[in-house]
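Encoded as structure tokens, the structure appears first; notes follow it.
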Amino acid sequence: MSDGIRFWLKYSAGIAALLVLLAWGVSHWHLDRISALVADRLMLLNELRKDALQEYFHTAEAELLFWGSSPDIVAAQDGFRRIWQGQGADISARLVERFGAMDSSHRGAVGGGAGEFPVDGGYGEWHGRLHEVARQFVTGRGYYDFFLIGAEGTVFYTVEKEEDFTSNLASGPLKDSHLAQTWRRAMAAEPGVVAISDMQSYAPSNGDPAIFMALAMRDAAGAVQGVIAFQLPTARIVEIMNYTSGMGRSGETYLVGEDLLMRSNSRFVKESTILRQRVDTPTVALGLKGEADHAWVPDYRGVPVLSAYNQLDVDESRWAIMAEMDRDEVAEIAAGDRP
């Protein structure tokens, strides 16, 4: 073989290798460009979810502050307190027997006729004034329950009349529950400060996940009379986080608490993953540290994803807000140039 032929063969091979390298570089540059666009979209989704969740909690706080400053609610709280003081410990069993077996939608019908006073010391009268309004509020606004709790821990009133009704959060079986913890924090808080719990399983509500918000109620002189509290279900949080329009077949957003358990549902699991699915990924750890960015990681399914992370502080708790898309789908978007 002549030197000229060898030269042109080597030259052609070099050009071919250069073209392959160039194509590889362009392909990876294009994938990186599309990945950056997808990451920006995921980070925007995180911000939108964060804004919606903050608005939800701020609205609930405002409603709690409104109810907690109502003269009628403060009067009902004082009325329940005086009844408990006058009736002794055995009033709890009588009230549970009388109110606990009734469906919550009909408990407002129990009034305070004169014949009832020897039985409950007037509790039925105060209950009749409060219950229908409280029940309609809880139903209309999407809350689960509404509580009035004494300064010493007695649950004077609830809409639902579950096992927490008439129990004592300071000394009873629920003293270690997150309702009790939130009641204590509200009692110790500055005036007008709302205490909010993390999401945890709550035994009286069939063990379902729940969040509590509590506020100390004060009389005209500023003395603490007790606590008003709301029980928030997960429905609104799930609705916010499970919105998938425009997220392709694999995009999802979800929340993770400091215990590394989900606070919302997975898009890919039929059963609820709230407080069940553990997510221990590097991006969740960064979100829980208060950082916001994106990275390629294996997700909780072991699937490689583009993972954007942020954080949401709920009073003393922190949740990581995650928005992710499978790597395969990102690559498909890059191949079709459809960011």
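Can you give me the Cα centroid spacing of segment 140-166 and segment 45-81 in angstrom? If you average the Cα positions of each part, the centres end up 15 Å apart.
If R₀ is 35 angstrom, what is the calculated FRET efficiency for the pair residue 132 and residue 301, using the beta carbon separation as r and rounding to 0.05?
Numbers: r = 47 Å, r/R0 = 1.35.
Efficiency, rounded to the nearest 0.05: 0.15.
Got the relative contact order for segment 182-339 handy, in percent, Cα pairs under 8 Å and 6 or more residues apart?
Values: 310 pairs, mean separation 26.9, N = 158.
That works out to 17 percent.
Projecting label points 7 angstrom from Cα along Cα→Cβ for residue 221 and residue 270 puts them 6.2 nm apart. Accessible area of segment 165-291 with a 1.4 Å probe: how many percent of it is carbon plus sulfur? C and S atoms contribute 49 percent here. A Förster radius of 25 Å combined with the Cβ-Cβ distance from residue 70 to residue 189 puts the calculated FRET efficiency at roughly 0.85.
Here each label is just a point 7 Å from Cα along the line to Cβ, and for residue 33 and residue 139 those points are 5.8 nm apart.
Rounded to the nearest whole Hz, the Karplus-based 3J(HN,Hα) values (6.51 cos²θ - 1.76 cosθ + 1.60, θ = phi - 60°) of segment 152-160 follow the sequence 8, x, 6, 7, 5, 8, 9, 5, 7, with x at glycine and proline. Per-residue 3J(HN,Hα) values for segment 307-315, derived from phi via the Karplus relation 6.51 cos²θ - 1.76 cosθ + 1.60 with θ = phi - 60°, read 10, 9, 9, 7, 9, 10, 8, 10, 6 Hz in sequence order (x marks Gly and Pro).
The values are calculated or read from the model by the stated rules, or taken from the named source; none is laboratory data. Keep in mind that this is a model prediction, so the values were computed, not measured. Quick reminder, even Gly has a Cβ in these numbers, built from the backbone with ideal geometry, and neighbours come from all protein chains shown. For accessibility, only protein heavy atoms count, side chains too; no ligands or nucleic acids. Shrake-Rupley method; radii C 1.70, N 1.55, O 1.52, S 1.80 Å.
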